[in-house]
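Heads up: the structure comes next, in structure tokens.
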Amino acid sequence: MKRLLKSHIALLAWRLALLYAVLAICRAIFWRYNYAGIGPLADAELPALARGALLFDTVSVLYANALLIVLSLIPLHLRERRWWQRMLYFYYVGVNALLVVAVNLGDAVYFRYTQKRFTAEEIFFADNDNSLQLVGKFMAENIPLLLAGIGLIALLALAGGRKARPEPLCRRPLCYYGGGTVLLVVAALLSVAGMRGGVTRMTRPVTLSNATLYASDNARANLILSNPFCILRTVGSGGKINYERYFAPEELVLEVIGILVGFGLGSASSTFLPVMLGFAGGAMLYVTSDEMIPETHAHGFQKQATYALLLGFITFVLMEKCV
């Protein structure tokens with residue numbers, strides 16, 4: 001039993017359990033800070049809220065500490081080295097101080113103004129010159145939250161096992177490598193299940209909207225959410241401006257050359273100007289028909305429709321001149 005308590009498994013379990021406690025404290029602060037918008041919590045709704053909070057906290061803890069779990073359980077004797085344990089300790093404190101403590105306490109302020117959690121969209125819009133000024137302003141205006149954050153980070157640093165020297169459960173090669181590999185695989189499977197939000201075949205990766213299954217309104221749904229879950233689950237779904245490239249770089253070079261040649265010919269002689277205007281008008285008709293009129297794409301015959309439209313204009317011009 002003593003060997004188990006001094007093992008890598010015990011140290012990892014203690015660190016992860018400590019994060020659950022920190023997230024619970026952050027959630028309590030979030031509720032108290034936004035009490036006017038959330039209101040009192042009835043005893044009847046607490047079990048459902050607790051289940052939802054546990055679900056989202058599990059995803060947040062696993063997202064932030066997936067690498068820590070792998071490096072803590074990998075069956076290599078390197079993990080008994082002092083520098084390896086130092087690396088894991090500073091990773092644990094540094095990453096969770098930012099992603100768990102700072103972001104979740106910052107959510108308490110952010111929710112008051114936006115009625116939503118901090119997501120990847122806000123990271124995109126926060127990428128400007130005055131972001132640090134805004135963060136400093138919010139910290140100065142919310143000293144109690146700042147002190148709470150310092151206290152929680154200190155808790156992670158003091159109780160995170162800085163001086164811990166974990167030992168392997170067994171030192172025989174077959175047990176150490178074979179058992180360690182099995183343990184790592186089991187931990188990986190459980191972590192994937194935790195990130196998805198369940199182990200059943202019908203379970204899909206949990207999303208922000210799943211919070212409404214455990215809460216009676218939007219404010220309570222935001223209460224049971226946590227970060228970094230909200231940030232990582234919204235990466236790629238908003239905030240970033242997506243655009244389509246219609247031309248390859250070499251095509252853009254040809255267009256620039258064409259503009260310069262056209263400008264030079266039009267400036268050199270007035271004879272070329274009507275001809276170039278005619279070509280420009282024809283090109284605009286082609287682009288309008290082939291790319292901008294939806295009806296020409298309805299049945300997959302946009303090329304034929306374009307050619308027919310151009311032929312119609314030519315016929316119209318000839319009839320006007322000849323008749």
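A search for C-beta distances below 8 Å between a residue of segment 310-323 that is on the phi > 0 side of the Ramachandran plot and any residue that is modelled with pLDDT of 75 or more and part of a helix (DSSP H, G or I), counting only pairs 6+ apart in sequence or on different chains, returns nothing.
Cβ-Cβ distances below 8 Å connect the following pairs, each with a first residue in segment 189-210 that is farther than 12 Å from Y63 by Cα and of a type in the set (V, I, T), a second residue that is at pLDDT below 85 and in a loop (DSSP other than H, G, I, E, B), and a separation of six or more residues or different chains: T203/G197; V206/G197; V206/G198.
Which residue out of R15, R32, R82, R3 is more than 23 Å from E121 (Cα to Cα), in contact with a Gly (Cβ under 7 Å, 6 or more places away or on another chain) and either of a type in the set (K, R) or modelled with pLDDT under 90 (or both)? Result: R15 is the single residue among R15, R32, R82, R3 that is more than 23 Å from E121 (Cα to Cα), in contact with a Gly (Cβ under 7 Å, 6 or more places away or on another chain) and either of a type in the set (K, R) or modelled with pLDDT under 90 (or both).
Give segment 93-115 a look and list any residue that's surrounded by 20 or more Cβ atoms within 10 Å (Cβ to Cβ) and either among the charged types (D, E, K, R) or closer than 21 Å to L189 by Cα (or both), or say none. Across segment 93-115, the qualifying residue is only D107.
So, in segment 45-75, how many residues would count as being over 26 Å from the mean Cα position of the chain (by Cα), without any contact (Cβ under 8 Å) to a residue 40 or more places away in the chain and farther than 20 Å from G197 by Cβ? Of the residues in that region, 1 qualify.
Listed here are the residues, each with its yes/no results for (1) β-branched (V, I, T); (2) surrounded by 15 or more Cβ atoms within 10 Å (Cβ to Cβ).
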residue	(1), (2)
V22	yes, yes
R27	no, yes
G52	no, yes
D57	no, yes
P75	no, yes
L78	no, no
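The set of residues in segment 32-78 being aromatic (F, W, Y) and closer than 23 Å to I9 by Cβ consists of Y63 alone. Looking at segment 1-47, the helices (runs of 4 or more DSSP H) lying wholly inside it that each contain 2 or more residues that are among the β-branched types (V, I, T) sit at 8-33.
Here L54 fits the description: of a type in the set (A, V, I, L, M), over 20 Å from L147 (Cβ atoms) and part of a helix (DSSP H, G or I).
Among all residue pairs at least 6 apart or on different chains, which show Cβ distances below 7 Å where the first residue, located in segment 139-167, is in contact (Cβ under 8 Å) with a residue 12 or more places away in the chain and surrounded by fewer than 18 Cβ atoms within 10 Å (Cβ to Cβ) and the second is among the charged types (D, E, K, R) and part of a helix (DSSP H, G or I)? Listed by first residue and then by second, the contacts come to E167/R3. Out of the residues in segment 40-79 that are in contact with a helix residue (DSSP H, G or I) (Cβ under 9 Å, 6 or more places away or on another chain) and acidic (D, E), which is farthest from I224 (Cα to Cα)? Filtering first and then ranking leaves E45.
The values are calculated or read from the model by the stated rules, or taken from the named source; none is laboratory data. Because the structure is a prediction, the values reported are computed rather than measured. Glycine also receives a Cβ, built like all others from the backbone with ideal geometry; neighbour counts cover every protein chain displayed.
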